[in-house]
Each structure stands twice: as C-alpha cells, then as structure tokens.
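Reviewing the structure listed below.
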Amino acid sequence: MGGRSRVAAQMLAGKGFKQVYNVSGGIKAWKSKTAVGPQTSGMDLFQGPETAKEFLVIAYSLEQGLQEFYLEMAGKARNDAVKDLFHKLADIEVKHKDQVFERYQGMVDPEISRERFESMVTVSALEGGLTTKQYLDQFDPDLSVETEVVSMAMSIEAQALDLYQRVAGQVTDPDALNVLQQIAKEEQQHLERLGKLMDTL
Amino acid sequence: MKWMQFLTPVKSKNFNETKQMISDHDPDEITILDVRQPGEYKDSHIPGAVLIPLAELSDRAAELDPEKPTLVY
C-alpha cells in the first residue's frame, strides 16, 4: 500500500522497538489471503549517514527526489485537489533544498558553489542509487489510483521525517539542530496534509 | 535524479506468518498497528489492530509498548 507500513516499521525500529515487522502486502494480503505487493529485497544497502556531510548530501537528494516526484505526479493527476497540493509541496521542497545547501555551506564548506554541490549529490546518488522509475517500481504503486499515489507520497515524506529526526538526535550544534527540527516539522505537516487529502479521495 | 538507497532494513511477515504470530500470542502480548487513515481503518482492519495514522506516528509512538512484538500494516 505505497509502502506506508514499511516506513512506519522503520520509524518504530529507530525508536527502540525490538521486534517490529512489516506485514507484507498489508491489508490487501489479509483480504485476499495471498501475499501480494512489494518485497523489501535490495533495499538494505544503506547503513545510515556517518557524517554531517554525508547526511546533507542525502537530505538534498531526498528533497530533490520529493520535488521531482510531486511534479511528475502533479502532471499525471486528474484530481484538481491532488494536483494543487502536489504543486504546493514541490515548492516547499525547493525551499528545503536551499536550506540544506546553506547548512552544507555553514557546516562543511563555506566556499562551495551550488553547482559543485549539486554535482556531488548526483555523483553520490549514482553510486548506489535508484532512478525515480526504479524507486517507484520497488513499491509498484498503481499510479492511476490517486490513493496509491498519495500513499506513496506519504511513505517518502515519512522516510524524510525519519531521516531528519534520527540525525537531529545526533547533532549538537544548536543552529544545525534548529534547521533540522524545522525541516522535520514541515515534513510532518506535509504528512498531515497528505493524510487529510487521502480522506477526501 | 537517482534516489539514494536510504531505506534501512525492516523484517517482513507474510500473511501466513502474520496469522501464525497473532494466534501464537495472547492479544495483550502483541501489538497490531494500522498506520492508514481513519477512513481506511473504518472500512476494514485486522481484528484487534490499533490505529495510529502514519502522520501521527512519530508523536504517538510512546503510546505503544516497545517490548512487545509489533506487526505493522
């Protein structure tokens, strides 16, 4: 179901839940009594960012991915409310990208240009990354069904929220912590808005 | 754009394993967590499941017992 339960299980594991399991196929499997839906194979390569530098590069690619996802989905959506919200969310992700870049300048390299930073993001992502299409294929949402698209968006936002909250727990610099918490809060608001949108579909 | 593989590993249980796990435990020894929206929960859910929509999970995780086996869907 757009991977919401998988991300939820991951969030709980990060909060110290010792035995947490994602029910593969979700309620669909329960209803049809067969295992359906995406598997988690191949998704376990990432060990978590070790340094502020690594984290900020990941955060930037995540924000860029979210922005691209929203723009692509906004183009496909037939429902005006979905289209409208996705455009708004894409705009906010642009703002997050700016903030992440400023943090990188503040914490790692004050001299770096935006172009050079973005090329690092691309290189880093190419090393072990998935294209947006491959990423979507992993979850295999039915993109003609608006609830699946919104569910997918919620999974990615929750993933971002989880990443920011985990890193915020390790950051001591008050300015950096402030920015991380602010971005995390905004991703959480996105989740709430997407949840409300889901209720209307 | 290429996505980082930022997803950390999570154990999965399929339908049969889930069912087995529920029948092997008393209802108060296990948490079945539904992270969908209230409307979806109302429509249908696994008997005994607790509802915490994904958007609320990071604030409300403290309502759950981290020591209990937890099945999420």
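In deg cm²/dmol and to the nearest 500, what is the mean residue ellipticity at 222 nm of chain B if only DSSP H runs of at least 4 residues count, each as -39500 (n - 2.57), divided by the residue total?
Using -39500 (n - 2.57) per qualifying helix, the result is -8500 deg cm²/dmol.
Would you list A:Ser155, B:Ser44 from fewest to most Cβ contacts within 10 Å?
Listing A:Ser155, B:Ser44 from fewest to most nearby Cβ atoms yields B:Ser44, A:Ser155.
What net charge do the residues around B:Ala55 carry, taking every other residue with its C-beta under 14 Å from that of B:Ala55, with Lys and Arg at +1 and Asp and Glu at -1?
Summing Lys and Arg as +1 and Asp and Glu as -1 gives -4.
Scan around B:Ile32 for amide H atoms under 5 Å from its own, H built in the peptide plane at 1.01 Å from N, and keep only partners 5 or more places away or cross-chain.
Residues meeting the criterion, in which the H sits 1.01 Å from N, are B:Val50, B:Leu71.
Which order do A:Glu146, A:Glu115 fall in if you start with the one that has the fewest other Cβ atoms within 10 Å?
Neighbour counts put them in this order, fewest first: A:Glu115, A:Glu146.
Amide H to amide H under 5 Å from B:Lys11: which residues, 5+ apart in sequence or cross-chain, H placed 1.01 Å off N in plane?
The answer is A:Asn22.
Bear in mind these aren't lab numbers, they're just calculated from the coordinates by the rules spelled out. Remember, it's a predicted structure, so these values are computed and weren't measured experimentally. Every residue, glycine as well, gets a Cβ built from its backbone with ideal geometry; the counts of neighbours run over all protein chains shown.
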